[in-house]
Amino acid sequence: MPSRHLTRAFKTARFAKDAKKAKIKDEELCQAIKQVMLGQVDDLGGGVFKKRLNDNLHRSIILAKGGQYWVYEYLFAKKDRDNIEDDELLAFRLLAKSYAGLKEHQLGQLIANGDFVEICHDDKTEIQE
């Protein structure tokens, strides 16, 4: 039976800037989320996932809220670093837990403030100029 809740994906304002510099388009990010949902991702535990992007040139850290929405939180070039540090992983896990507690109106406020940019909602990619 299909899930009744909607799958949404966001990028933080910082991630958006970094992705633009790396020439990673929202379509690629939405496609990557579909792969994440199929388990094609490194699960780092605690709602933190690492996904390869941009023909394996970059790595993204994605935070999840129970399969309802996904947040691209951090982007780094493979050439610059191999992985995140243990203390960073702990911080991302805390942030994922915090995101999990967000109410719909709080999520709306993050979008309205420009802290989050919605990039896909179910099978639709949001148009961003």
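The values are calculated or read from the model by the stated rules, or taken from the named source; none is laboratory data. Keep in mind that this is a model prediction, so the values were computed, not measured. Cβ: placed from backbone, ideal geometry, glycine included. Neighbour counts: every protein chain shown. Ligands, DNA and RNA are excluded from the accessible area calculation, which covers all protein heavy atoms including side chains. Shrake-Rupley method; radii C 1.70, N 1.55, O 1.52, S 1.80 Å.
Below 20 Å, Cα to Cα, which aspartates and glutamates can Lys97 reach? Residues fewer than 8 away in the same chain don't count. Leaving aside aspartates and glutamates fewer than 8 places away in the same chain, those within reach of Lys97 are Asp42, Asp43, Glu73, Glu85, Asp86, Asp87, Glu88, Asp115, Glu118. Here segment 23-95 is assigned +1 on the Cβ of each Lys and Arg and -1 on the Cβ of each Asp and Glu. Its dipole about the Cα centre then comes out at about 240 debye. For segment 22-127, the solvent-accessible area with a 1.4 angstrom probe is 57 square angstrom per residue. The magnitude of the dipole of the chain, with charges of +1 and -1 set on the Cβ of Lys/Arg and Asp/Glu and taken from the Cα centre, is near 60 debye. Over 26 Å between C-alpha atoms is what I'm after, so list which of Lys78/Lys103; Lys21/Lys103; Lys34/Lys78 land there. From the list (Lys78/Lys103; Lys21/Lys103; Lys34/Lys78), the Cα-Cα distance tops 26 Å for Lys78/Lys103; Lys21/Lys103.
Ranking of Tyr72, Tyr99 by solvent-accessible surface, largest first: Tyr99, Tyr72 (1.4 Å probe, protein heavy atoms only, all chains present).
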